[in-house]
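Step one of this worksheet: look at the structure below.
The values are calculated or read from the model by the stated rules, or taken from the named source; none is laboratory data. Everything numeric in this text was worked out from a predicted model, so none of it was measured. Note that each Cβ is placed from the backbone with ideal geometry, even for glycine, and that neighbours are counted across all protein chains shown. We work out accessible area using only protein heavy atoms, side chains counted, and drop any ligands, DNA or RNA first. Shrake-Rupley method; radii C 1.70, N 1.55, O 1.52, S 1.80 Å.
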Amino acid sequence: MSSSEIERQWTTRLRHRVEGKLPPEKMLPDTQPNYVSSWIYVFGVATMSALFVVIATGCILALRGPQWWHGSAYGHFINSLHLWSVEIFFFSMVVHLWGKFAMAAWRGGRALTWMTGVITFLASVATAFTGYVSQSNFDSQWISTQAKDGINATGAGAYFNVLNLGQMLMWHIVLLPLAAVVLTALHIVLVRIKGVVPPFEENPVVENAEVTQ
Amino acid sequence: MTKKAFNPDVDAPKWKGGYHPYDIVKEGSIAIAVILVLTLVLAIVFGSPDEKAITIKTWSNAAPLDFANTALEELNGTSTTAAYGAPYNTASTGQQLGPLQLAKWVGVRIPVNAAKDFVISPLKSLPDQPTLDHQLAVWSAASSSTKNAWLTSYGKAKVSFVNGQVVANTTSAGPVPVMINQLTQMARSGALDQALVTGHGFYTTDYTKPLLFLADSEYLPGLAQHQHLTGDQWGMMNETGNYPGQSWLWLYTFWYQIPPFKTSANADVLVWGLMMVLSAVLLLVPFIPGLRSVPRKLKLYRLIWREHYQETE
């Protein structure tokens, strides 16, 4: 096999593309620009860390099935960890989101990074909601019977039945977490490719700018 | 080839300043440890709510007359479910977003016949009930106008709960008093819970019918009111006990508290429509002139990058 033939392979082309866009020093950087020096940057990594704890505690709950935590003190404690990690996750994500808005973090070709972040937030809201309606307790009874009217009014309730415990549980533990994790991974890859957005240049003369084409 | 003009709300200046050491793996590890400890502390101190689910058995034992009245509404077509429209039935057009009848267009995808599914079929499933079977046969053979006359008569009668029986002070309601009383007995025994859940067979995870029946009662909203969960109490974002709940739904819940949504018959679809538009706006901020300039004009970024601006000024 000739080297040119190897270079034409899809695998080789993909590897070159990944190496070009995201070399190891960008994926796992050991330096940051000096302007990356604020508490606001903590909330991005806090969101990811909370997501890790949410998934880990959710996996423990999954081990013994959806009814286990109602009758076990240990199970209830794991549920408490799951709940509070979700609360921390959303708190961190909302602060992160508004921090990024204040920085206009979409500048310099980072619009897709912003958009994947917003979609991740919306997917996370849906994931949490399906968790609340699949708890199989009074909260899930009340929240599902109230929420059905909003979703039914859009027509979506015909296919996304919040009163169907099995359907909501599947969305909560498979489909939506998968979406949230994939979106988060994509978001992080985009952050690593583009880097952290630089401060606004208050001097009107801008040289060597990252001009979005 | 012309060079595109620099737009401060779209483009970013290229960083020509210095760099400092940054250990991303160490930062990530410390962050996970800190979040884990914080989660443990919150879980140990506050725990989590788990108010037991109510059943039709608990409802009918706690409030037998409310149950009997709800059963009558299922039978005469005036309950929320019976009059709902899509996706359960064709009893109404449903909510409209201007000229758009979204639910009606999608149609009946989760068929629920309130009278048949909640009353008639469960009663028919009871074994060895010759009197009830006869009354059900009388009901089935009657014309619609006769059924309506019976139901109207029952609705006007004084209904009481005496010695474990639902008694209606009327002689012109045909088989309705027996049907309502027998359904109440069935509910109080727990058999109706099973009959509604196992409608699709032995294995099921679909609680649509018992939840719709429960939601038609006065009992469920009464409990929710006590737990500060109703719509006018910002209920969608709350949960039982003093827990933060889904506080991230505050904006969604907020619209229900103010006109015109608060009083509109189409509140749900209007709020959903508005939230979809607002979500799209948030998603597309980078492309919306004016809105994408807000951060630059607000100058909150000066707080975030204060060290950078102190060094450059």
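Observations
- Relative compactness, segment B:56-210, computed as alpha-carbon Rg over 2.2 N^0.38 Å: 1.10
- Over segment A:104-197, Cα pairs under 8 Å with separation of 6+ residues give a relative contact order of 43 percent.
- Of B:Lys57/B:Lys147; B:Lys26/B:Lys299; B:Lys14/B:Lys297; A:Lys194/B:Lys3; A:Lys148/B:Lys147; A:Lys194/B:Lys26, pairs whose Cα-Cα distance is over 25 Å: B:Lys57/B:Lys147; B:Lys26/B:Lys299; A:Lys148/B:Lys147
- Per DSSP, loop chymotrypsin sites (Phe, Trp or Tyr not before Pro) in segment A:65-103 with at most 14 further Cβ within 10 Å: none
- Simple spin-label estimate for B:Val138 and B:Lys16 in nanometres, 7 Å along Cα-Cβ: 9.7
- Point-charge dipole on Cβ atoms (K/R +1, D/E -1) for segment B:190-313, about Cα centre, debye to 20: 740
- Net lengthening on full extension, A:Asn34/A:Ile55 (0.36 nm per residue, minus Cα-Cα): 4.2 nm
- Modelled spin labels at B:Ile24 and B:Lys116, positioned 7 Å past Cα toward Cβ, are 6.1 nm from each other.
- Per residue, chain B reaches -14000 deg cm²/dmol at 222 nm when only DSSP H runs of four or more residues are counted, each adding -39500 (n - 2.57).
- Translational D in µm²/s for segment B:16-100 (Stokes-Einstein at 37 °C, 0.692 mPa s, Kirkwood Rh from C-alpha pairs): 168
- For segment A:37-89, alpha-carbon Rg over 2.2 N^0.38 Å: 1.35
- Solvent exposure of the protein assembly as shown, expressed per residue, is 50 Å² of accessible area, with all protein chains present and a 1.4 angstrom probe.
- B:Glu218 versus B:Lys262: modelled label distance in nm, points set 7 Å from Cα along the beta carbon direction: 2.5
- At full extension, B:Glu313 and B:Gln129 could sit 57.1 nm farther apart than now, given 0.36 nm per residue minus the alpha carbon distance.
- The orientation-averaged shadow of the Cα convex hull for chain B, equal to a quarter of the hull surface, comes to 28.1 nm².
- Largest mean-square fluctuation among B:Ile120, B:Ile30, B:Ile54, in a Gaussian network model of chain B whose springs join Cα atoms under 10 Å apart, belongs to B:Ile30.
- Projected over every direction and averaged, the convex hull enclosing the alpha-carbon atoms of segment B:190-289 yields 10.1 nm².
- Membrane-span-like helices of chain B, defined as complete DSSP H segments with a Cα extent of 27 Å or more along the helix axis and a mean Kyte hydropathy of at least 0.0, are identified as B:24-46.
- Hydrodynamic radius by Kirkwood, which averages 1/r over all alpha carbon pairs of chain A, in angstrom: 20.2
- Normalised alpha carbon radius of gyration of the protein assembly as shown [divisor 2.2 N^0.38 Å]: 1.22
- Taking the longest Cα principal axis of chain A as reference, the axis of helix A:73-102 is set at about 40 degrees.
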